[in-house]
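Report on the following structure.
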Amino acid sequence: MEALPVVNSRRKSLQSPVNYVNLTLKLAMIMKKLFGILLCYTLGAMVAPLLAQAPGSEKTLNKDAEMITKIFEEALSNGKSYEYLDYLCNRIGGRLSGSPEAARAVEWGKQLMESLEFDQVSLQECMVPHWVRGDAEKAMIIRESGSTEVPICALGGSIGTGAEGLKAGVVEVHQFEELAKLGADKLQGKIVFYNRPMDPKHYLTFHAYGGCVDQRWEGAMQAAKYGATGVVVRSMNLRLDDYPHTGSMGYDDSVKKIPAVAISTNGAELLSKRLKEDPGLNFYFRTTCETLPDEKSYNVVGEIRGTEFPDEIILVGGHLD
């Protein structure tokens with residue numbers, strides 16, 4: 001594994017002379033005064049902050065709140081999160097699990113924690129899925145008057161259409177309940193187009209995302225129950241643009257697997273408009289994605305032990321892939 005640059009390292013032996021990233025050690029020292037922290041970069045989605053707080057007076061709670069506020073203020077004022085993110089995204093690149101880029105990110109995370117003199121850094125071996133996107137995806141709205149290309153992106157974990165692609169009529173829906181009402185008579189052999197947009201009225205934007213992401217995760221499973229041959233999902237995006245947003249999807253082993261793609265929001269608007277004008281149109285898309293055997297990877301675990309309460313733990317986790 002090549003040495004990856006870790007910036008302003010306090011360890012001269014680390015092969016990382018490029019000045020790119022550093023972590024404010026002041027934050028770590030503040031944290032040491034109050035509690036032990038186990039900082040864990042995980043390959044799965046896991047955020048479980050656990051603060052061991054013994055029963056006590058309001059004075060104790062206020063003292064803890066004051067210290068936590070200092071940590072937040074330090075992180076917000078002098079944190080390097082965006083620099084780390086920039087490095088991961090633009091210097092290492094896409095980090096799909098099982099990919100060479102994901103392996104480089106593991107090594108980078110380990111070197112970074114070591115350079116910041118964490119009390120302990122380790123790699124925890126695990127097996128991860130290895131899905132590959134394959135060739136660039138293609139899609140077209142096909143009418144008697146001609147064809148129009150639209151931007152799509154295969155959903156993570158989807159099967160591919162095969163080299164010839166998939167062409168079929170389209171049925172637009174917004175809720176899963178509509179599938180049951182339409183039934184197999186109207187959905188057999190069709191491409192189901194999920195076109196439920198994100199609700200822009202939510203000031204907590206994750207609620208907008210949560211209000212429609214089920215069609216991405218469950219869409220193929222639900223449509224396949226009625227004999228659909230493929231799924232097109234409106235991108236989880238409040239903007240109207242030409243950039244399809246991929247994301248993970250799921251399959252039910254008891255139901256036939258069908259290919260699924262995300263379509264850009266502009267593409268979704270156009271497809272919906274054309275369907276109203278011409279319900280008999282066809283949609284074509286081609287994907288060559290596939291799932292390969294699981295790959296060995298690692299969780300990167302770094303620990304900073306507290307000086308007063310070394311046995312008490314706050315666990316912080318997040319995606320490294």
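Bear in mind that the values in this text are calculations on the coordinates, not laboratory data. No experiment lies behind these values; they were computed from the predicted model shown. When we count neighbours, we look across all protein chains shown, and the Cβ atoms used for this are built from the backbone with ideal geometry, even at glycine.
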Subject >> Counted charge near D214, where neighbours are those whose Cβ lies closer than 13 Å (Asp, Glu -1; Lys, Arg +1) >> reply: +1
Original post:
What is the order of Y87, Y82, fewest Cβ neighbours within 10 Å to most?
Top reply: Y82, Y87
Subject >> Distant-in-sequence amide H partners of H319 (H built 1.01 Å from N, under 5 Å) >> reply: M46
Original post:
So, by mean Cβ neighbours within 10 angstrom, what's the order for 247-258, 228-239, 162-173 with the highest one leading?
Top reply: 228-239, 162-173, 247-258
Original post:
With a ≥ b ≥ c the root eigenvalues of the C-alpha gyration tensor of region 176-237, is it rounded (a/c under 1.5), prolate (a/b larger than b/c) or oblate?
Top reply: prolate
Subject >> Loop sites in region 185-220: trypsin sites (Lys or Arg not before Pro), DSSP, at most 16 other Cβ within 10 Å >> reply: K201
**OP:** Provide the percentage of antiparallel DSSP beta bridges, counting only those with both residues in region 93-211; round to the nearest 5.
**Re:** 50 percent
Original post:
For the residues E178, E144, E114, what sequence is obtained by ranking on other C-beta atoms within 10 Å, fewest first?
Top reply: E144, E178, E114
Original post:
For E308 and D252 in one chain, what is 0.36 nm times their gap in residues minus the Cα-Cα distance, to one decimal in nm?
Top reply: 15.3 nm
Subject >> Cβ-based exposure ranking for S77, S297, S158, in which fewest neighbours within 10 Å come first >> reply: S77, S297, S158
**OP:** Give the shape of region 126-174 as rounded, prolate or oblate, defined through the alpha-carbon gyration tensor: a ≥ b ≥ c are the square roots of its eigenvalues, a/c under 1.5 means rounded, and otherwise the shape is prolate if a/b is larger than b/c and oblate if not.
**Re:** prolate
Original post:
Once amide H atoms are placed 1.01 Å from N in the peptide plane, what residues at a sequence separation of 5 or more from M198, or on another chain, have their amide H within under 5 Å of its amide H?
Top reply: N237
